[in-house]
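J.: One structure, as structure tokens, below. Some questions next.
The values are calculated or read from the model by the stated rules, or taken from the named source; none is laboratory data. Bear in mind the structure is a predicted one, so any value in this text is a computation, not a measurement. Ideal geometry is used to build each Cβ from the backbone, glycine not excepted, and the neighbour counts take in all protein chains shown. Accessible surface is based on the protein model in full, side chains and every heavy atom, while ligands, DNA and RNA are left aside. Shrake-Rupley method; radii C 1.70, N 1.55, O 1.52, S 1.80 Å.
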Amino acid sequence: MQFHGSHRFEAPREAVFAAIRDPRVLMAVIPGCETVAEVAPDQYDGRITLRLPGMVGSYRTHVTLVDVLEPERAGMDGAVEGTMGTITGHADFELRVASDGDGTGTDMDYRGSGVIGGPLARLDSRFAEQLAESLITQGLRALDARLTTEGSE
């Protein structure tokens with residue numbers, strides 16, 4: 001499974017990067033996230049519940065930030081494990097001051113890949129990629145909304 005995309009945040013990149021490292025923020029913006037905790041510097045464990053047609057499950061997650069160059073970029077190594085299967089993968093993201101140059105926005109580019117195992121592997125590969133993109137988009141929009149709300153307070 002491959003995925004890539006971009007997103008525009010209406011917040012400075014330092015705020016975006018800090019939010020990506022904050023377990024409280026992650027729990028609020030990741031679709032289906034029930035718990036998340038920093039277990040070591042840049043290492044996070046959590047639990048998410050996904051509700052797919054015919055495949056409802058709760059999954060343990062572990063994510064490690066790697067190759068961190070704050071606030072510009074980082075990589076993420078991750079694993080998701082549950083009764084319906086596993087997903088392991090890697091993603092990279094880059095944050096740039098938005099091209100409008102006023103310093104208030106941030107452009108993000110991301111790309112990654114994952115390997116699906118167990119019963120989840122029976123999902124059509126195109127469906128799995130679309131699902132991943134949908135969950136990423138939902139999470140990024142929720143993060144942007146949270147940062148925008150916090151910035152206006």
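J.: Does residue 61 satisfy the criteria of being over 19 Å from residue 140 (Cα atoms), among the polar types (S, T, N, Q) and at pLDDT below 95?
T.: No: the conditions fail for residue 61.
J.: Mind checking which strands (runs of 3 or more DSSP E) fall wholly inside the range 68-153 and carry at least 1 residues that are free of Cβ contacts under 8 Å to residues at least 60 places away in the same chain and among the basic types (Lys, Arg)?
T.: 73-82
J.: If only one of 80, 39, 25, 97 is farther than 21 Å from residue 144 by Cα, among the β-branched types (Val, Ile, Thr) and at pLDDT below 95, which one is it?
T.: None of the others qualify; the one that does is 80.
J.: With the requirement that a residue be within 17 Å of residue 33 (Cα to Cα) and under 13 Å from the mean Cα position of the chain (by Cα), what does the range 77-91 give you?
T.: 78, 79, 80
J.: Okay, moving on. Say whether the condition of being outside any strand (DSSP E or B) and open to solvent by 60 Å² or more (accessible area, probe 1.4 Å) is met by at least one residue in the range 55-66.
T.: The answer is no, given that none of the residues of the range 55-66 is outside any strand (DSSP E or B) and open to solvent by 60 Å² or more (accessible area, probe 1.4 Å).
J.: Restricting the range 109-149 to residues that are among the basic types (Lys, Arg) and loosely packed, with under 14 Cβ neighbours inside 10 Å, which is nearest to residue 24 (Cα to Cα)?
T.: The qualifying residue nearest to residue 24 (Cα to Cα) is 141.
J.: Something else: How many residues are assigned to a helix (DSSP H, G or I), small (Gly, Ala, Ser) and out of contact with any Lys or Arg (no Cβ under 8 Å at 6 or more places or on another chain) when one looks only at the range 14-40?
T.: 2
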